[in-house]
1. Quick one: accessible area per residue over the chain, 1.4 Å probe, rounded to a whole number of Å²?
2. What shape does segment 7-78 take by its C-alpha gyration tensor, where a ≥ b ≥ c are the square roots of the eigenvalues and a/c under 1.5 counts as rounded, a/b above b/c as prolate, and the rest as oblate?
3. Among DSSP beta bridges lying fully in the chain, give the percent that are antiparallel, nearest 5.
4. With +1 on each Lys and Arg Cβ and -1 on each Asp and Glu Cβ, and nothing else charged, work out how big the dipole of the chain is about its Cα centre, in Debye to the nearest 20.
5. Once percent of Cα pairs over 27 Å apart is worked out from the coordinates, which option in [x] 31; [y] 17; [z] 22 does it equal?
6. Testing the spin-label approximation: label points 7 Å from Cα along Cα→Cβ at L3 and R77. State their distance in nm.
7. Kindly provide the trypsin sites (Lys or Arg not before Pro) of segment 20-83 that DSSP labels as loop, not H, G, I, E or B, and whose Cβ sees at most 16 other Cβ atoms within 10 Å.
8. Taking all protein chains in place and a 1.4 Å probe, what share, in percent, of the accessible surface of the chain do carbon and sulfur account for?
Amino acid sequence: ARLAGAAEAVARPVLDAAGLRCIREVDSVGCVTALPGGRHQPWHFDGGEAGLVNAFIPLVPVTRHNGATELRPGSHRFNDPRTVPVAPELAVGDVLLFDWLLLHRGRGNATPSSRPVAYTVLRAATARGSDALRGSEAL
């Protein structure tokens, strides 16, 4: 509950400024860890429904060496394979927000240490969110 509240507090001003005041509820929380020697994830989106936003919160510094999340800007609206992916490096305390429909992947971890990232998914009241994924093979 503390993670979700902290992520929501940081995300709220950004979402409001972007005109996304409808994103109001915490859908889910968890942690994704890139293990030492882990490979790149396949490109994926987290669901097929609009109205959800991921908030990634690094628990250690995230670099290109330990498994930064790579994003395809604009892919939630169109999928142009010529779009150059970005993989922001993040400090502890940063929050990376991105649409649930955006193509992304965790990059491989070439370091000897695990790279944990906590996350929360925020949603509009009208979105079904992770409930719609029960029984599916979403990443």
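The values are calculated or read from the model by the stated rules, or taken from the named source; none is laboratory data. Note that this is a predicted model, so its numbers are computed, not measured. Don't worry about glycine lacking a Cβ; one is built from the backbone with ideal geometry, like all the others, and counts go over all protein chains shown. Side chains included, ligands, DNA and RNA excluded: accessible areas come from the protein's heavy atoms. Shrake-Rupley method; radii C 1.70, N 1.55, O 1.52, S 1.80 Å.
1. 56
2. Numbers: a/c = 2.06, a/b = 1.52, b/c = 1.35.
It is prolate, given that a/c is not under 1.5 and a/b is the larger ratio.
3. 100
4. Once rounded to the nearest 20, the dipole reads 180 debye.
5. Computing percent of Cα pairs over 27 Å apart and matching it to [x] 31; [y] 17; [z] 22 gives [y].
6. Output for this residue pair reads 3.1 nm.
7. Counting only loop positions with at most 16 other Cβ atoms within 10 Å, the trypsin sites (Lys or Arg not before Pro) in segment 20-83 are R21, R39, R64, R77, R82.
8. Summing carbon and sulfur atoms, their accessible area is 57 percent of the total for the chain.
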